[in-house]
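Peer 1: My structure is below; once you've seen it, I'll send some questions.
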Amino acid sequence: MRFIVLIAALAASAAAFAQYPAKPITTVVGFEPGGGTDTTARIVAPALGELLGQQVVVENRAGAGGNIAVDYVAKQVPDGYTIVLANVGALAVNPHILKTPYDPLKDLAPISMASVFPNVLVVQPSLPVTTVQDYVKLAKEKPGITYASSGIGGAGHLAGELLRLMAKIDITHVPYKGGGPAMQGFLGGQVDSFFATPVSSIGQIRAGKARAIATTGPKRAALMPDVPTVAESGFPGYEAVNWYGYLAPARTPREIIDRLNRDITKALANPQVVAALAKTGVEPLAMTPEEFGKYIEREHQTWGKVVKDAKIKAD
């Protein structure tokens, strides 16, 4: 009898996969529209939907540095119809700062990396600052300079805390619910500076409404080749990159994970997607589920140590 039940279950599973996807797929992002995660998801969605043969809908569930979206997806039925495009903060940092209701290493199934890129430190044009050294000098003269980020535990938050630690300065973190709201706050004069994603800042930089003084990666950003890195500005070894990746709820059938990985990889290689992402300063980078899983584990360990050493706490 058990054998017959097992055969029936396997047959049902095979039939479900053969029909997958039979309805639209939702990509959940943890930030408001206008930020890097949201923009990346919306650029990839049409190409991915064409490959899957179903519409890919982007849904915003903003808050808690991306944690709300990740927790929501982790609790969904593992059928491949609800996935998340999450960032470094929600997967590798926040679990060390906040008591997240999910375990990023156990409650989610990695599908593929989407992109890796640096943030950019921008300051108000009214500030007498054109370099990182100027920024550090001003912070020492006037403790309490504020910097915005897309949320607690995100790459922008880490970038600011790492600079605070290395430069021994007193700067104050102001978290927002995404890069879009953070840039609105910056433009409204609510903060002095902003560790921003390229997509949320490039337009304002070109318009002269924000001054870029450094990027946070190991090398200069292709979108801003004239802007030096923090590392080459007097702080060798400084590096705080951002990344986005696709994940599904744990226990999602491997066949579905493989199908999503295959089509996400193809979508990220689509010339139109590559060109659109390039305009936002993001370079696509696909990985196998295994590669992405190991990457998350390494980042989880690395940033856990930084959080401890820098004594980063929830604001």
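Peer 1: Mind checking whether some residue in segment 290-302 is in contact with a Pro (Cβ under 8 Å, 6 or more places away or on another chain) and not in a helix (DSSP H, G or I)?
Peer 2: No, there is no match, as no residue in segment 290-302 is in contact with a Pro (Cβ under 8 Å, 6 or more places away or on another chain) and not in a helix (DSSP H, G or I).
Peer 1: Condition first: modelled with pLDDT of 95 or more, open to solvent by less than 30 Å² (accessible area, probe 1.4 Å) and closer than 17 Å to LEU51 by Cβ. Can you find one or more residues in segment 237-249 that meet it?
Peer 2: The answer is yes; a qualifying residue exists.
Peer 1: Let me ask something else about it. Considering only residues of segment 51-87 that are surrounded by fewer than 23 Cβ atoms within 10 Å (Cβ to Cβ) and among the polar types (S, T, N, Q), which is nearest to the chain's Cα centre (by Cα)?
Peer 2: ASN60
Peer 1: Out of all the residues in segment 272-287, is one or more polar (S, T, N, Q), part of a helix (DSSP H, G or I) and within 19 Å of TYR81 (Cα to Cα)?
Peer 2: Initially, segment 272-287 is screened for residues polar (S, T, N, Q), giving 272, 280.
Narrowing the set further to residues that are part of a helix (DSSP H, G or I) leaves 272.
Cutting the leftovers down to within 19 Å of TYR81 (Cα to Cα) gives us none.
Looking for residues that are polar (S, T, N, Q), part of a helix (DSSP H, G or I) and within 19 Å of TYR81 (Cα to Cα), one finds none in segment 272-287, hence no.
Peer 1: Can you name the condition, by its number, that LEU48 falls short on among (1) more than 26 Å from VAL306 (Cα to Cα); (2) open to solvent by 10 Å² or more (accessible area, probe 1.4 Å)?
Peer 2: Unmet for LEU48, out of (1) more than 26 Å from VAL306 (Cα to Cα); (2) open to solvent by 10 Å² or more (accessible area, probe 1.4 Å): (2).
Peer 1: Then there's this: Identify all residues within segment 197-232 that are part of a strand (DSSP E or B) and of a type outside the set (D, E, K, R); write none if there are none. Talk me through it step by step, then tell me what you get.
Peer 2: Initial filter on segment 197-232 (part of a strand (DSSP E or B)): 211-215, 229.
Across segment 197-232, the qualifying residues are ALA212, ILE213, ALA214, THR215, THR229.
Peer 1: Is there a residue being touching a residue at least 24 places away in the same chain (Cβ under 8 Å), touching a strand residue (DSSP E or B) at 6+ places or on another chain (Cβ under 8 Å), charged (D, E, K, R) and outside any helix (DSSP H, G or I) anywhere in segment 98-106?
Peer 2: No, the conditions are met nowhere in segment 98-106.
Peer 1: Also, I was wondering about something else. Out of VAL122, VAL93, VAL129, report the one residue that is in a loop (DSSP other than H, G, I, E, B), buried (at least 19 other Cβ atoms within 10 Å of the Cβ) and β-branched (Val, Ile, Thr). Steps first, answer last, please.
Peer 2: Details: VAL122 fails: in a loop (DSSP other than H, G, I, E, B); VAL93 fails: in a loop (DSSP other than H, G, I, E, B).
Exactly one of VAL122, VAL93, VAL129 is in a loop (DSSP other than H, G, I, E, B), buried (at least 19 other Cβ atoms within 10 Å of the Cβ) and β-branched (Val, Ile, Thr), namely VAL129.
Peer 1: For segment 296-307, does any single residue satisfy the condition of being modelled with pLDDT of 95 or more, closer than 28 Å to ALA47 by Cβ and either open to solvent by less than 20 Å² (accessible area, probe 1.4 Å) or not polar (S, T, N, Q) (or both)?
Peer 2: Yes: one or more hits.
Peer 1: Output the residues belonging to segment 174-201 that are of a type in the set (Val, Ile, Thr) and either in contact with an Asp or Glu (Cβ under 7 Å, 6 or more places away or on another chain) or surrounded by fewer than 21 Cβ atoms within 10 Å (Cβ to Cβ) (or both). Working first, answer last.
Peer 2: Applying the first criterion (of a type in the set (Val, Ile, Thr)) to segment 174-201 yields 174, 191, 197, 199.
Hit for segment 174-201 is VAL174, nothing else.
Peer 1: When both residues are 6+ apart or on different chains and their Cβ atoms are under 6 Å apart, which pairs have a first residue that lies in segment 37-53 and is without any contact (Cβ under 8 Å) to a residue 40 or more places away in the chain and more than 18 Å from ASP258 (Cα to Cα), and a second that is in a helix (DSSP H, G or I) and open to solvent by 60 Å² or more (accessible area, probe 1.4 Å)?
Peer 2: Qualifying pairs under 6 Å: none.
Peer 1: Okay, next question. Are there any pairs, at least 6 apart or on different chains, whose C-beta atoms fall under 9 Å, with the first in segment 286-310 and more than 16 Å from TRP243 (Cα to Cα) and the second of a type in the set (Lys, Arg), and if so, which?
Peer 2: Short answer, once both residue conditions are applied: VAL307/LYS313; ALA310/ARG164.
Peer 1: Which ones in segment 205-227 are in contact with a helix residue (DSSP H, G or I) (Cβ under 8 Å, 6 or more places away or on another chain), modelled with pLDDT of 95 or more and either open to solvent by 30 Å² or more (accessible area, probe 1.4 Å) or of a type outside the set (Gly, Ala, Ser) (or both)?
Peer 2: Correct list: LYS209, ARG211, ILE213, THR216.
Peer 1: Would you check which residues across segment 15-45 are in contact with a Ser or Thr (Cβ under 9 Å, 6 or more places away or on another chain), in a loop (DSSP other than H, G, I, E, B) and open to solvent by less than 30 Å² (accessible area, probe 1.4 Å) and list them?
Peer 2: GLY30, PHE31, GLY35 - these are the residues of segment 15-45 that are in contact with a Ser or Thr (Cβ under 9 Å, 6 or more places away or on another chain), in a loop (DSSP other than H, G, I, E, B) and open to solvent by less than 30 Å² (accessible area, probe 1.4 Å).
The values are calculated or read from the model by the stated rules, or taken from the named source; none is laboratory data. Here the structure is a predicted model, which is why all the values come from computation and not from measurement. All Cβ positions, glycine included, derive from the backbone under ideal geometry; neighbour counts span all protein chains shown. Calculation scope for accessible area: heavy atoms of the full protein, side chains included, ligands and nucleic acids excluded. Shrake-Rupley method; radii C 1.70, N 1.55, O 1.52, S 1.80 Å.
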